[in-house]
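So the structure is just underneath, and the comments pick up after that.
The values are calculated or read from the model by the stated rules, or taken from the named source; none is laboratory data. Computed from a prediction, not measured in an experiment: that's the story for all the values here. Backbone-built Cβ (ideal geometry, glycine too); neighbour counts: all protein chains shown. To get the accessible areas, we keep the full protein, side chains included, count just its heavy atoms, and leave off ligands, DNA and RNA. Shrake-Rupley method; radii C 1.70, N 1.55, O 1.52, S 1.80 Å.
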Amino acid sequence: TQRYTPYIFTHDEIQKILKTADSLPKPKRNSQFHIVFPAVLRILYGCGLRVSEVLSLKMRDVDLKNGFLYIRNAKFDKSRRIPISDSLLNYLRGYKYKNEFLISQNEDGFFFPNAYKECYSQRTVYDKFREVLWKSGIPHQGKGKGPRVHDLRHTFSVHSLQQNIDHGKEIYVALTALMVYLGHSKISSTEYYLRLTAEVYPDFLKKADTMCAKAIPEVIRYE
């Protein structure tokens, strides 16, 4: 089978997606998904989480005082605590403050509840994301080619590595931090993003530490 090649969104495309999501009309009936969805997208891109991890966040998992998300019983039964950027933290505080009518204050309540105070399905997110891509002028390339919602996680990883190297961090320090953020059980799973980053940003390897750069496998293109 042909391997799926992740679609890495540009920074401009991310801004278009968020702007489109922010302007979604209110759905019919009692749905408040037009409120929830922009916040979900920002966490997907800003923290590199899986869709299931975002939708299952409960009030007790979102520490808006200290700026952390607690991801419990994720893939491979790994739990982790990840920091939230200042800009995302301010956004999530505003989301919670403005939507107290929607969000339960019970610590077992979902942070992104549907109209019945239950967890949204991943299918709802997938379908709305396709709609947002279309409205943003980002064409879907056909079955098996994306872009997909999960590509926000890939894009977070690539943008994070590129930014860390630009700021002078050693490549494997950045890679180890990314491994923890993504919840990978081994560094080899995260090293894949070195190849992706080098493919998207040709100057990436030149900026990376020379000794470490020699250990990066050659970029393989999957046509």
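Can you list the helices (runs of 4 or more DSSP H) found entirely within segment 1-84 that contain at least 1 residues being modelled with pLDDT of 95 or more and touching a strand residue (DSSP E or B) at 6+ places or on another chain (Cβ under 7 Å)? Don't jump to the end; show me each part of the working.
On the way: elements: 11-22, 33-47, 51-55.
Passing ranges, in order: 51-55.
Rundown of residues vs (1) crowded, with 22+ Cβ neighbours inside 10 Å; (2) of a type in the set (Val, Ile, Thr); (3) within 22 Å of Ala177 (Cβ to Cβ); (4) out of contact with any helix residue (DSSP H, G or I) (no Cβ under 7 Å at 6 or more places or on another chain), yes/no style:
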residue	(1), (2), (3), (4)
Leu44	yes, no, yes, no
Ser52	no, no, no, no
Arg60	no, no, no, yes
Leu69	yes, no, yes, no
Arg72	no, no, yes, no
Ile82	no, yes, yes, no
Quick one: what pairs do we get from segment 32-45, first residue farther than 15 Å from Gln15 by Cα, second of a type in the set (Gly, Ala, Ser) and in a loop (DSSP other than H, G, I, E, B), C-beta under 8 Å, 6+ apart or different chains?
-> Gln32/Ala115
Tell me which of these Arg130 doesn't satisfy, since it passes every other one: (1) at pLDDT below 90; (2) touching a His at 6+ places or on another chain (Cβ under 9 Å); (3) assigned to a helix (DSSP H, G or I).
-> (1)
What do you reckon, is Lys96 over 19 Å from the mean Cα position of the chain (by Cα), at pLDDT 90 or above, within 20 Å of Asp22 (Cβ to Cβ) and part of a helix (DSSP H, G or I)?
-> yes
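Confirm whether Lys117 is part of a loop (DSSP other than H, G, I, E, B), on the phi > 0 side of the Ramachandran plot, surrounded by fewer than 16 Cβ atoms within 10 Å (Cβ to Cβ) and charged (D, E, K, R).
On the way: part of a loop (DSSP other than H, G, I, E, B): yes; on the phi > 0 side of the Ramachandran plot: yes; surrounded by fewer than 16 Cβ atoms within 10 Å (Cβ to Cβ): yes; charged (D, E, K, R): yes.
So Lys117 passes the test.
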Within segment 177-186, restricting attention to residues that are in contact with a helix residue (DSSP H, G or I) (Cβ under 6 Å, 6 or more places away or on another chain) and open to solvent by less than 60 Å² (accessible area, probe 1.4 Å), which residue is nearest to Thr155 (Cα to Cα)?
-> Leu178
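Would you pick out the residues in segment 113-149 that are basic (Lys, Arg) and under 19 Å from Tyr4 (Cα atoms)? Even if it seems obvious, please write down each step before you answer.
Taking segment 113-149 as the starting set, the residues that turn out to be basic (Lys, Arg) are 117, 123, 128, 130, 135, 143, 145, 148.
Selection gives Arg130, Lys143, Lys145, Arg148.
Test Leu88 against the stated conditions and say whether it is touching a residue at least 40 places away in the same chain (Cβ under 8 Å), touching a Gly at 6+ places or on another chain (Cβ under 7 Å) and outside any strand (DSSP E or B). Show your work before the answer.
Details: touching a residue at least 40 places away in the same chain (Cβ under 8 Å): yes; touching a Gly at 6+ places or on another chain (Cβ under 7 Å): yes; outside any strand (DSSP E or B): yes.
Judged against the criteria, Leu88 is a match.
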Condition test on Val173, is it assigned to a helix (DSSP H, G or I) and under 18 Å from the mean Cα position of the chain (by Cα)?
-> no
When you go through (1) touching a residue at least 24 places away in the same chain (Cβ under 8 Å); (2) out of contact with any His (no Cβ under 9 Å at 6 or more places or on another chain); (3) closer than 24 Å to Ser189 by Cα one by one for Leu18, which number turns out not to apply?
-> (3)
For segment 122-141, name all the residues that are without any contact (Cβ under 8 Å) to a residue 24 or more places away in the chain, of a type in the set (D, E, K, R) and open to solvent by less than 80 Å² (accessible area, probe 1.4 Å).
-> Glu131
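What tally of residues in segment 103-114 results from selecting those that are open to solvent by 90 Å² or more (accessible area, probe 1.4 Å) and either within 14 Å of Leu55 (Cα to Cα) or not in a loop (DSSP other than H, G, I, E, B) (or both)?
Narrowing segment 103-114 to residues open to solvent by 90 Å² or more (accessible area, probe 1.4 Å): 105, 107.
If we keep only those that are either within 14 Å of Leu55 (Cα to Cα) or not in a loop (DSSP other than H, G, I, E, B) (or both) as well, we get none.
Of the residues in segment 103-114, 0 are open to solvent by 90 Å² or more (accessible area, probe 1.4 Å) and either within 14 Å of Leu55 (Cα to Cα) or not in a loop (DSSP other than H, G, I, E, B) (or both).
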List every residue pair whose Cβ atoms sit under 8 Å apart, with the two residues 6 or more apart in sequence or on different chains, where the first one lies in segment 54-72 and is without any contact (Cβ under 8 Å) to a residue 12 or more places away in the chain and closer than 15 Å to Lys96 by Cβ and the second, anywhere, is assigned to a strand (DSSP E or B) and aliphatic (A, V, I, L, M).
-> Asp63/Leu69
